[in-house]
1. Go through region 92-98 residue by residue and turn each phi into a ³J(HN,Hα) via Karplus (6.51, -1.76, 1.60, θ = phi - 60°); whole Hz please, and just put x for glycine and proline.
2. Which whole-number value in Å² is the accessible area per residue of region 1-138, probe 1.4 Å?
3. In nm, to one decimal, how far is the modelled label at residue 95 from the one at residue 10, with both set 7 Å along Cα→Cβ?
4. Search the structure for amide H atoms under 5 Å from the amide H of residue 101, placed 1.01 Å from N in the peptide plane, and list their residues when 5 or more places away or on another chain.
5. Using the Karplus curve 6.51 cos²θ - 1.76 cosθ + 1.60 with θ = phi - 60°, work out ³J(HN,Hα) for each residue of region 122-135 in order, rounded to whole Hz, and write x for Gly and Pro.
6. Roughly to the nearest percent, how much of the accessible area of region 28-182 is carbon and sulfur, given a 1.4 Å probe?
7. Give the cross-link partners of residue 73 among the aspartates and glutamates, using a straight C-alpha distance below 18 Å as the criterion and excluding same-chain residues fewer than 8 apart.
8. Would you pull out the residues with amide H under 5 Å of residue 178's amide H, same chain only if 5 or more places away, H placed 1.01 Å from N?
Amino acid sequence: MDSISTTANEVFDRSVADYHRHDNVDAPMENPYPAGSFEAILYSKNWVDAVQWHLEDIIRDPDIDPKEALELKRRIDRSNQVRTDMVEDIDTWMRDRYKDVRPGVDATINTESPAWALDRLSILALKIWHMREQAERTDADEAHLERSRGRLAVLLEQRDDLSLAIDQLLADIEAGRKYMKVYRQMKLYNDPSTNPVLYAKK
């Protein structure tokens, strides 16, 4: 059976490749995995990341219309909330997976939950795709290509290291050496009851 990180990397790479068949932030997602499966959750999560990555590209156009930029900024804010919610869904799946594990008396907590580590792995899949794209450009000079190849090598090493760390963390949780908590992220600026600019208008 593949490790969680191996599965995640395969799903993330497939999602990134599928997104770039359209390369359109409005393209509909066609999730190839069974609804409700762990793979389907990961695929949807990465698709959101891919769309947001490209929204961030678009909004940096120096010639963008200000009204369009404002609409994009609000769309990115909504996407960030969806992304956070999906990470929490993955942590809920993880917590259910290990619900019968009794942590040892010396068990410690990790600096981040498994799902937030997987979130970083999802972003790495996008960085690797785009850095490889830069390393293979035919319209760039050799200095750019060489620099991009060096950065790509670092990203690939980083993915290997993060994948190993995720699998070690999950093994520690399963063995009771570490325990996890699921914290609900509180994005104050998205909540009309906690953003002073919004609740002051009521």
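1. Working through the residues one at a time gives 4, 4, 5, 4, 5, 4, 10 Hz.
2. Details: 7730 Å² over 138 residues.
Per-residue value: 56 Å².
3. Using points 7 Å along Cα→Cβ, the separation is 2.9 nm.
4. none
5. Couplings: 5, 5, 4, 4, 5, 4, 5, 4, 6, 6, 5, 4, 5, 6 Hz.
6. Values: 4600 of 8990 Å².
Carbon and sulfur together cover 51 percent of it.
7. Residue 73 reaches 26, 49, 56, 57, 61, 63, 65, 191.
8. Sorted by chain and number, the residues that satisfy this are 108, 173.
The values are calculated or read from the model by the stated rules, or taken from the named source; none is laboratory data. Here the structure is a predicted model, which means the values were calculated and not measured. For neighbour counting, all protein chains shown are included, and Cβ atoms are generated from backbone atoms with ideal geometry for every residue, glycine included. The area values use the complete protein model at the heavy-atom level, side chains included, leaving out ligands, DNA and RNA. Shrake-Rupley method; radii C 1.70, N 1.55, O 1.52, S 1.80 Å.
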